[in-house]
Amino acid sequence: VQEILPMLHDFDFAVFDSVQALRHTETPGWPGTPGQVRAVAQVISEEAKKSGCASVLVGHITKDGQIAGPKLLEHMVDVVLHFSGDRTSPYRHVRGVKNRYGSTDELGVFEMAEEGLVGIPDPSRLYWNENAGAIPGTAMTVVLEGSRPLVAEIQSLSCTTPFPYPKRTARGVAVSRMGLLLAVLERRGGLPSRSMDVFMNVVGGLHIEDPAADLAVCMSLASSLSDLPLPRDMVFIGEVGLGGEVRPVPRLVTRIRESARLGFSTVVTSRYQDQQGPEGVRIVKVGSLGEAMKELTRGC
């Protein structure tokens with residue numbers, strides 16, 4: 001690595017791929033060992049600051065999604081970005097884990113095409129099928145990834161199980177969150193699921209942590225358990241509490257505008273928010289999960 005560093009003064013941008021493959025001659029050990037990784041990262045960081053060359057260190061991650069090597073590596077740099085994706089999907093996500101100069105809530109979506117990695121200008125259309133018909137267990141919502149609103153399609157499937165312990169499987173939503181909302185549905189909505197296997201999936205491989213998707217998760221489960229389809233032009237935005245209440249969510253106007261842009265005509269949200277949607281969008285305000293289910297029954 002000492003042979004490369006003097007070249008940084010001739011460039012404005014440099015990429016080191018990878019930090020585990022470089023070796024510091026004055027530090028004992030093989031490349032990739034904790035001591036070597038620490039020494040290599042330190043000299044690159046110091047030289048980059050002296051030369052003014054923006055430097056990117058490419059590193060490996062473990063099976064748990066953590067950066068391989070000593071944790072000190074994360075503290076030595078200004079920004080940590082995770083580049084991830086599903087092996088079966090052409091789409092790749094870039095998320096900020098650490099940023100000394102900005103937010104870590106932003107999300108970059110790219111597609112691995114024949115000509116290389118291409119940015120997706122409208123990622124909302126990746127995570128739902130606008131041509132699909134009304135199917136029981138499908139509900140739409142709008143989540144925020146940083147400042148970017150994304151329309152997400154949540155699918156649920158339930159079936160009777162002959163075993164005493166029903167299965168609970170979820171992809172894109174935490175299983176613990178799904179189990180909690182199933183309990184709320186049974187206690188506050190009167191929809192038991194103790195004898196049912198329940199499976200949930202977020203279309204497109206999107207992972208949802210936004211509480212504003214709670215109402216859509218509940219309505220997807222309710223639709224599957226009752227075998228009644230939900231209207232395809234309806235979006236559900238709201239956090240659901242243990243008492244079954246539908247709570248307000250931040251930046252509701254942004255979410256409603258995104259749903260309207262993509263052609264959704266009805267938004268079901270909390271009655272405790274006073275924002276109005278754009279012209280042509282009907283806002284259905286509910287105070288509890290029970291009210292939402294009654295409104296949907298009328299709509300169906």
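The values are calculated or read from the model by the stated rules, or taken from the named source; none is laboratory data. Treat the numbers as computed from the prediction; the structure is a model and nothing was measured. No Cβ is skipped: glycine too gets one built from the backbone with ideal geometry, and neighbour counts run over all protein chains shown. When the accessible area is computed, the model is the full protein with side chains, heavy atoms only, and any ligands, DNA or RNA have been set aside. Shrake-Rupley method; radii C 1.70, N 1.55, O 1.52, S 1.80 Å.
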Would you mention how many residues in the stretch 33-44 are more than 31 Å from the chain's Cα centre (by Cα) and open to solvent by less than 30 Å² (accessible area, probe 1.4 Å)?
-> 5
Name the pairs whose Cβ atoms lie under 6 Å apart, with the first residue in the stretch 172-185 and of a type outside the set (A, V, I, L, M), the second crowded, with 21+ Cβ neighbours inside 10 Å, and 6 or more positions between them or separate chains?
-> GLY172/VAL202; GLY172/LEU206; GLY172/ILE208
Residue check: is HIS82 surrounded by 13 or more Cβ atoms within 10 Å (Cβ to Cβ), free of Cβ contacts under 8 Å to residues at least 24 places away in the same chain, under 26 Å from GLU114 (Cα atoms) and out of contact with any Asp or Glu (no Cβ under 8 Å at 6 or more places or on another chain)?
-> yes
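Do you know which residues across the stretch 119-134 are of a type in the set (S, T, N, Q) and either open to solvent by less than 40 Å² (accessible area, probe 1.4 Å) or not in a loop (DSSP other than H, G, I, E, B) (or both)?
If the condition is that a residue be of a type in the set (S, T, N, Q) and either open to solvent by less than 40 Å² (accessible area, probe 1.4 Å) or not in a loop (DSSP other than H, G, I, E, B) (or both), then SER124 is the only one that fits.
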Can you tell me which residue within the stretch 264-284, out of those that are in a loop (DSSP other than H, G, I, E, B) and open to solvent by 60 Å² or more (accessible area, probe 1.4 Å), is nearest to TYR127 (Cα to Cα)?
-> GLY280
Test result for ASP12, touching a residue at least 24 places away in the same chain (Cβ under 8 Å) and exposed (fewer than 12 other Cβ atoms within 10 Å of the Cβ) = yes
Taking the stated definitions as given, is LYS63 closer than 25 Å to HIS207 by Cα and in a strand (DSSP E or B)?
-> no
Restricting attention to the stretch 86-97, does a residue exist that is touching a strand residue (DSSP E or B) at 6+ places or on another chain (Cβ under 6 Å), of a type in the set (Val, Ile, Thr), open to solvent by 40 Å² or more (accessible area, probe 1.4 Å) and not in a strand (DSSP E or B)?
-> no
Residues of the stretch 135-157 being within 9 Å of SER224 (Cα to Cα) and either crowded, with 24+ Cβ neighbours inside 10 Å or among the polar types (S, T, N, Q) (or both), in sequence order, are GLY137, THR138, GLN155, SER156
Residues located in the stretch 232-262, provided they are surrounded by fewer than 22 Cβ atoms within 10 Å (Cβ to Cβ) and touching an Asp or Glu at 6+ places or on another chain (Cβ under 7 Å) = GLU239, ARG247
Counting only residues that are in a loop (DSSP other than H, G, I, E, B) and open to solvent by 100 Å² or more (accessible area, probe 1.4 Å), which one in the stretch 15-26 is farthest from PHE83 (Cα to Cα)?
-> GLU26
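Could you check the stretch 197-224 and list, in sequence order, the residues that are among the polar types (S, T, N, Q) and open to solvent by 40 Å² or more (accessible area, probe 1.4 Å)?
First, the residues of the stretch 197-224 that are among the polar types (S, T, N, Q): 201, 220, 223-224.
Answer for the stretch 197-224, where residues must be among the polar types (S, T, N, Q) and open to solvent by 40 Å² or more (accessible area, probe 1.4 Å): just ASN201.
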Return yes or no: is GLY116 under 20 Å from SER147 (Cβ atoms) and open to solvent by less than 50 Å² (accessible area, probe 1.4 Å)?
-> no
Quick one: which of ARG187, ARG177, ARG194 is more than 17 Å from SER270 (Cα to Cα), open to solvent by 40 Å² or more (accessible area, probe 1.4 Å) and within 24 Å of the chain's Cα centre (by Cα)?
-> ARG177
Pairs only if they're at least six apart or on different chains, beta carbon under 8 angstrom, first in the stretch 158-171 and among the small types (Gly, Ala, Ser), second open to solvent by 60 Å² or more (accessible area, probe 1.4 Å) and part of a strand (DSSP E or B); list them, first residue then second.
-> SER158/PHE199; ALA170/PHE199
In the stretch 166-212, what count of residues is obtained for those that are modelled with pLDDT of 95 or more, part of a helix (DSSP H, G or I) and among the β-branched types (Val, Ile, Thr)?
-> 2
